[in-house]
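Down below is the structure, laid out as structure tokens.
The values are calculated or read from the model by the stated rules, or taken from the named source; none is laboratory data. None of these values were measured; they are calculated from a predicted model. Cβ placement follows ideal geometry from the backbone for every residue including glycine, while neighbour counts extend to all protein chains displayed. Areas reflect the complete protein model, heavy atoms only, side chains present, ligands, DNA and RNA absent. Shrake-Rupley method; radii C 1.70, N 1.55, O 1.52, S 1.80 Å.
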Amino acid sequence: MAAYFLNSNMDPREYMVIPLWCLMFTLLSRVMDYLFGGLREGTTPWEWRNLMTSSLHSVISATLACICMCMFDDPFADRLETRTICCMSLGYLVHDLLDVVFRGDRPLTNTYKWVIVHHLVVLYVMPLIAYGYGGLGVACLTMETNSLGIHIRSFLKLKGFKREHIANIVNNIVLLLTCLCFRFIFSVIILRDAITRTRLPPYLSYATVFLLIFMFGLGVRFFYVVLKKDLLNVFRQKTLKAKTSSGKTNGSVPLVNNNSNTNHYKIH
């Protein structure tokens, strides 16, 4: 693998940008904590800082990736702009992985365990995609559009918003739409191009395709959870509450009349 990167079209100096971006996101996390620390009521300082930094990365990377996809005639071509964006995102992933492992709350929840698995897989796949398949790394980063909705979902949960709240319902609908568009459709495009345009040795190519399919499976699982627990269950509960309340209202009318009639006869 080292020989592959050394023989790629990438300037070795571009590798130096990744630790610099890692340091930059570490500093940005402190700045975000200083600016928005007053809003973290009900959460731990680390949890709030991590969420804010992740949201900032999603906004930056998704915006730049979408601009690249719209600006260039062949957005999947290998160019300096796409590699720079990928280096930025890789720097964030290194920062966040170290942040979760060494500075996260103990014990780590299942959510953060999945975050660690996700980051390890992406840290392996992203460099190969960015420098082995041309600019497909930018297509991967458009998935951060969906990640921003995930961060908003976490923010609403931390602030005590119930699943029935209109903000949660609207965000979950947008979350499913962006998941369908960016995670599923773009995953198919990336898989297709990874198979047809590969410049990798066979063993790395097979491993990359397998891990892309694995990430696609995680997206399907997340889509199912949000659809079932956060939308269908909410609508089902609202329907049951509406039926229950209407039944109580219809049943209470004769009781009032009977009580009034009974009291009338008692008085007389």
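Consider the range 136-173. How many of its residues are of a type in the set (Gly, Ala, Ser) and open to solvent by 50 Å² or more (accessible area, probe 1.4 Å)?
Here is the first cut: in the range 136-173, the ones of a type in the set (Gly, Ala, Ser) are 137, 139, 147, 149, 154, 160, 167.
Among the residues that remain, those that are also open to solvent by 50 Å² or more (accessible area, probe 1.4 Å) are: 160.
Of the residues in the range 136-173, 1 are of a type in the set (Gly, Ala, Ser) and open to solvent by 50 Å² or more (accessible area, probe 1.4 Å).
Can you work out which of the residues in the range 102-126 that are over 28 Å from Leu191 (Cβ atoms) and in contact with a Phe, Trp or Tyr (Cβ under 8 Å, 6 or more places away or on another chain) is modelled with the highest pLDDT?
Step by step, filter the range 102-126, then rank; the result is Arg103.
Taking Asp33 as the residue in question, decide whether it is at pLDDT below 90, touching a Pro at 6+ places or on another chain (Cβ under 8 Å) and either surrounded by fewer than 17 Cβ atoms within 10 Å (Cβ to Cβ) or not basic (Lys, Arg) (or both). Outline the logic, then answer.
Details: at pLDDT below 90: yes; touching a Pro at 6+ places or on another chain (Cβ under 8 Å): yes; either surrounded by fewer than 17 Cβ atoms within 10 Å (Cβ to Cβ) or not basic (Lys, Arg) (or both): yes.
Judged against the criteria, Asp33 is a match.
Starting from residues that are of a type in the set (D, E, K, R) and in contact with a Gly (Cβ under 7 Å, 6 or more places away or on another chain), keep the ones in the range 54-80 and report whichever is surrounded by the fewest Cβ atoms within 10 Å (Cβ to Cβ).
Within the range 54-80, the first condition is being of a type in the set (D, E, K, R), and the residues that meet it are 73-74, 78-79.
Within this subset, residues satisfying the condition of being in contact with a Gly (Cβ under 7 Å, 6 or more places away or on another chain) are 78-79.
On the way: Asp78: 19, Arg79: 16.
Looking at residues that are of a type in the set (D, E, K, R) and in contact with a Gly (Cβ under 7 Å, 6 or more places away or on another chain), I get Arg79.
Would you mind finding the one in Phe235, Phe223, Phe184 that is open to solvent by 70 Å² or more (accessible area, probe 1.4 Å), modelled with pLDDT of 75 or more and under 29 Å from Lys162 (Cα atoms)?
Phe235
Could you identify the single residue in Thr63, Thr44 that is closer than 21 Å to Thr111 by Cβ and out of contact with any helix residue (DSSP H, G or I) (no Cβ under 7 Å at 6 or more places or on another chain)? Steps first, please.
On the way: Thr63 fails: closer than 21 Å to Thr111 by Cβ.
Every option except Thr44 fails the conditions.
From (1) of a type in the set (Val, Ile, Thr); (2) at pLDDT 70 or above; (3) buried (at least 20 other Cβ atoms within 10 Å of the Cβ), pick out the condition that doesn't hold for Ile129.
For Ile129, the failing item is (2).
Would you call Glu41 of a type in the set (Asp, Glu), within 14 Å of Lys159 (Cα to Cα) and open to solvent by 50 Å² or more (accessible area, probe 1.4 Å)?
Working: of a type in the set (Asp, Glu): yes; within 14 Å of Lys159 (Cα to Cα): yes; open to solvent by 50 Å² or more (accessible area, probe 1.4 Å): yes.
Yes: the conditions hold for Glu41.
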